[in-house]
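Accompanying notes for the structure given below.
The values are calculated or read from the model by the stated rules, or taken from the named source; none is laboratory data. Source: prediction; values computed, not measured. Positions of Cβ are backbone-derived with ideal geometry, glycine not excepted, and every protein chain shown enters the neighbour counts. All accessible areas refer to the heavy atoms of the entire protein, side chains included, with ligands and DNA or RNA removed. Shrake-Rupley method; radii C 1.70, N 1.55, O 1.52, S 1.80 Å.
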Amino acid sequence: MAGSVFDIEHALGLLELRPPFGKRDVQQARRSLAKRWHPDLAPPGKQFEHERHLKGINEAADRLEKLAEDSHNGEITATAVKVNAAAARAAREEAGRRAYENEQATRERAQHDPFGSRTPDHSVVHRYARCVSYPEWGVGNVTGVYFTGEGDEILQFARVSFHLGVRTVPAGTLQFVDFSKPDPGAERVQRFMTAAQHAMAEGEFAIAAKRLLYARDADPANAAVLRMLTVALLQADDLPAAARAVRDWLRAEGERPAPHRFAARIYEAQGANLQAEESAARVVRLTPADGAAWARLGRLRLRLHDRAGALQALERGMALEPTVEGLLDLALAAHLAGDTGRQVDACLHATQLADRGRARGRDDDVAGRDPEDGEEPVAGVSAALRARAWSRYAHALARTDRTTDALAAADRALELASEDREVRDLRDRLRERVPRELQTAG
């Protein structure tokens, strides 16, 4: 702060607090503003402004917490703030007077030395501005620009009145508005994309999609906008609009696999399996080493009753990146094709992966069983998926003459899911098939 007086009024402006206040009020304000001005939420080029502003907030909060602890009843009153503000203003006036006197003396000494003189810097403060970090706040009225700190740690911040209230923002994030000039399209794109990112971070995907529509109207061929719009609409469960957005994205970046992946996912969710299969086929042509893409293609071909194509795609995908669900799909394709041996092998491999926890299942729960020694587990296989793998393995073995192995697999499946009536019935039938041993006479 200016001089040796800590300016409580400026600190309260940074924390957006009003007196009277206590330590708990300061802590709550610090947590709220730390989320708002985190550098990860800053638009491109404004990370430094966010870091500086957050540092100033933390320093002011530390001082205010200490003052609240040392004050009577743990609270700073409005009268104390007024007294401190008057002392701080007097200290700033004294510092300014001394700086002016030093400046005049320097000018008098250097009036005959052109290299010793310098031109002072001028800053023009406009009335209307928007915060580029939070453009969704709209255009606000700048009520004041303030300085806090000393030396190289001087922080400049502004108090701006937006439609949702007064906010304290770093002065470097202000974009002053001149209503006599049109708003460039590039600025509109960046502004609405930043606002959409904030909405998506808060889980408001429908609001993010509306903001991205304005960005798309400003630049219809912007691939980044189209990609974010597709993701927002998909997360908002607006599948028809997401399909339209991904088609626009394909026109902009049809040579890349990402839009085709999203198209396959959207068409599959809509039930348009033929269109989803065509998009998945384009993905594997563009990225032939992507095992997940081959697995999706095989699953879609299964739905289209293309057994030979499904077997080919699933075998290719499992060779590149084996997963429990992919192997179970491969076993289903082999079963439909009448290849029992390939079905048993795929189910066996699925149970091995499930028990080791090396596959990437769709469920987020981690398997509860510890891996074997020397094997590093990977999260992603749930107990339900492991039970399903052993159940499919037991049913596959039941089609062969390996009755004892099928019975052991059924017992393992029931250990993981004891309520599975289908596996329980299978175990009862397998027990009847096991040959009985004759006991020797006593």
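For the pair Arg244 and Asp306, the difference between a 0.36 nm per residue extended length and the Cα-Cα distance amounts to 19.5 nm.
Comparing Ala319, Ala223, Ala99 in a Gaussian network model of the chain where C-alpha atoms under 10 Å apart are linked, the largest mean-square fluctuation is found at Ala99.
When ligands, DNA and RNA are left out and all protein chains stay put, how many square angstrom of accessible area per residue does the chain have with a 1.4 Å probe? About 57 Å² of surface per residue is accessible.
Give me the number: length gained by fully extending Arg24 to Val83, i.e. 0.36 nm times residue separation minus the C-alpha to C-alpha distance, one decimal in nm.
19.0 nm
Note on Glu69 and Lys55: the model spin-label points, each 7 Å out from Cα along the C-beta direction, lie 2.3 nm apart.
Which longest run of the chain has no exposed loop site in it, a site being chymotrypsin sites (Phe, Trp or Tyr not before Pro) in a DSSP loop with at most 16 other beta carbons within 10 Å, and the site itself not part of the run? Intermediate results must be reported in sequence, preceding the final value.
Numbers: sites that count: Phe115, Phe179.
Here the longest run is 180-442.
Seen against the Cα atoms of the chain and their longest principal axis, helix 257-270 is set at about 60 degrees. Split the accessible area of the chain by element, probe 1.4 Å, and carbon with sulfur accounts for 49%. Our summary gives the chain a relative contact order of 7 percent, counting only alpha carbon pairs under 8 angstrom and 6 or more residues apart.
Among Ser161, Ser133, Ser418, the largest mean-square fluctuation in a Gaussian network model of the chain, built with springs joining Cα atoms closer than 10 Å, belongs to Ser418.
How high is the FRET efficiency from Val139 to Asn102, r the C-beta distance, R0 30 Å, rounded to 0.05? List each step's numbers first, then the result.
Values: r = 40 Å, r/R0 = 1.32.
Once the sixth-power term is evaluated, E becomes 0.15.
For the chain, lysine pairs separated by 8 or more sequence positions, or belonging to different chains, with Cα-Cα distances below 22 Å total 9. Axis angle, to the nearest 10 degrees, between helix 223-235 and the longest C-alpha principal axis of the chain: 60 degrees. Recomputing Rg/Rh (Cα atoms, Kirkwood Rh) from the coordinates shown identifies the correct label among (1) 0.97; (2) 1.20; (3) 1.01 as (2). Multiplying the residue separation of Arg256 and Asp40 by 0.36 nm and removing their Cα-Cα distance gives an extension gain of 75.0 nm.
Taking Cα atoms only, the orientation of helix 324-337 departs from the longest principal axis of the chain by about 40 degrees. Mean residue ellipticity, 222 nm, helices only, the chain: the sum of -39500 (n - 2.57) across DSSP H runs of n ≥ 4, divided by residue count and rounded to 500, is -20000 deg cm²/dmol.
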